[in-house]
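What follows is a single structure, written as structure tokens, with notes after it.
The values are calculated or read from the model by the stated rules, or taken from the named source; none is laboratory data. Remember, predicted model here, so these are calculated numbers, not experimental data. Positions of Cβ are generated from backbone atoms using ideal geometry, with glycine treated the same way; all protein chains shown enter the neighbour counts.
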């Protein structure tokens, strides 16, 4: 905290202190020098208190939003951002149970709708990013080579829980595959029967596959963007089978810094934030 302003200015008529003054002992000189250094440090410290912004966000946004937050902090060094990343359904439940935050960024519309029905939102949600799905297998594995192979006997499939957006999206994709001409009868039933683990968030699905604890998994495209695909190989899903995941964000009614939260929402639509999101595999918002 800065010291009061009058302490940051030495009197104009102050007599310079010389280290050679006979009446000045070295101990007193040292104390004065320490005091002057403290005053100068106080004068150079940032003015105004630090402001805090708490953001609850889907786990798939972890890397992207941390970088976006760093870019926002460069423009607003007086703002400190704190992120809580987890499954959107988990975060929504925490907020309904009384957890305090300024912003909520979900990986789907339904979780945001539930908060809106609970009168927990201050503003109308805005969709700021989109995502899609991809099939992953352990690096070098040939157990699953095409999406149709995930219904083969003995395949261990990893999905997120159905209550988690990534898990709900994955089931929709499997249904679409089962209803298309390129997949035989019973594909959906056999694929669902092969689900060996259902994880609390999409990051854990990725980890299961990368560690070889599952033969295949369905994750977001952003989870394998750049160098994040280490330990896995990717198998694309056709456009007709894929799902577009929409990411809405909204200021919460209990926000401690509602205006600052609105500024961060605006920043999410800035060219800087959009470029960062694109680098992390997120797509532009569909019209």
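Structure values in brief
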| read-out | value |
| --- | --- |
| Test for residue 240: is it touching a residue at least 24 places away in the same chain (Cβ under 8 Å), exposed (fewer than 14 other Cβ atoms within 10 Å of the Cβ) and out of contact with any strand residue (DSSP E or B) (no Cβ under 7 Å at 6 or more places or on another chain) | yes |
| Test set (1) out of contact with any strand residue (DSSP E or B) (no Cβ under 7 Å at 6 or more places or on another chain); (2) surrounded by 14 or more Cβ atoms within 10 Å (Cβ to Cβ); (3) assigned by TED's automatic domain parsing to the domain that holds residue 117 - residue 229 fails condition number | (3) |
| The lone exception for residue 158 - which of (1) touching a helix residue (DSSP H, G or I) at 6+ places or on another chain (Cβ under 8 Å); (2) surrounded by fewer than 23 Cβ atoms within 10 Å (Cβ to Cβ) it fails | (2) |
| Per-region count, segment 118-140, residues out of contact with any helix residue (DSSP H, G or I) (no Cβ under 9 Å at 6 or more places or on another chain) and surrounded by 14 or more Cβ atoms within 10 Å (Cβ to Cβ) | 1 |
| Filter result for the condition that a residue is without any contact (Cβ under 8 Å) to a residue 40 or more places away in the chain and either closer than 11 Å to residue 160 by Cα or surrounded by 15 or more Cβ atoms within 10 Å (Cβ to Cβ) (or both), over 209, 219, 192, 205 | 192 |
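Here's the yes/no breakdown for (1) at pLDDT 95 or above; (2) outside any strand (DSSP E or B); (3) under 16 Å from the mean Cα position of the chain (by Cα):
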residue: 101; (1), (2), (3): yes, yes, yes
residue: 107; (1), (2), (3): yes, yes, yes
residue: 130; (1), (2), (3): yes, no, yes
residue: 136; (1), (2), (3): yes, no, no
